[in-house]
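Everything on this sheet refers to the single structure shown next.
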Amino acid sequence: MINNNHPITPPLELIYQWVKEVCPEYGKGVHLIEEHVATQAARWGADQELDACCEWMAKRFGEESHAMGLLRAARRPNSLSLKERSIALIDKIQANEEMWQTDELDVVRRAIESLPD
């Protein structure tokens with residue numbers, strides 16, 4: 001079954017419309033194979049576009065662009081677990097050491113890393 005919680009999941013009505021455009025005599029409803037292929041194609045296309053946008057941002061603003069990370073996180077919010085996102089955030093905070101006490105963040109990091117995924 002398709003993960004309909006993914007941010008890129010075409011509605012069944014749209015998939016049915018696409019199938020009818022190719023095969024007007026098609027019956028009612030959408031079968032699992034059509035749903036799967038349409039969903040995977042939509043996700044692939046969206047991922048290609050996101051990669052192209054991030055590549056453009058990297059060329060324009062540098063490989064380590066903070067905006068690029070924000071864009072990817074905003075457009076694919078389910079790609080990292082809460083634990084992974086928290087650790088990535090601590091990495092960003094620690095990169096700006098004058099604002100934070102590294103030893104304090106190390107305590108938070110160890111607590112997060114000890115949690116199961």
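The values are calculated or read from the model by the stated rules, or taken from the named source; none is laboratory data. These numbers were taken from a predicted model, which means no experiment stands behind them. Note that we place each Cβ from the backbone using ideal geometry, even for glycine, and neighbour counts take in every protein chain shown.
A few remarks follow.
- Residue check, Arg76 modelled with pLDDT of 85 or more, under 16 Å from Ile8 (Cβ atoms) and surrounded by 11 or more Cβ atoms within 10 Å (Cβ to Cβ): no
- The stretch 15-52, residues that are among the acidic types (Asp, Glu) and in a helix (DSSP H, G or I): Glu21, Glu34, Glu35, Asp47, Glu49, Asp51
- Residue pairs meeting the criteria (Cβ under 7 Å; at least 6 apart or on separate chains; first more than 12 Å from His66 (Cβ to Cβ) and at pLDDT below 65, in the stretch 91-108; second part of a helix (DSSP H, G or I) and of a type in the set (A, V, I, L, M, F, W, C)): Trp100/Ile93
- The stretch 21-37, subset free of Cβ contacts under 8 Å to residues at least 12 places away in the same chain and within 26 Å of Arg76 (Cα to Cα), residue surrounded by the fewest Cβ atoms within 10 Å (Cβ to Cβ): Ile33
- Cβ pairs under 8 Å, 6+ apart, first in the stretch 1-20 and within 17 Å of Asp47 (Cα to Cα) and loosely packed, with under 13 Cβ neighbours inside 10 Å, second modelled with pLDDT of 80 or more and of a type in the set (Ser, Thr, Tyr): Asn3/Thr9
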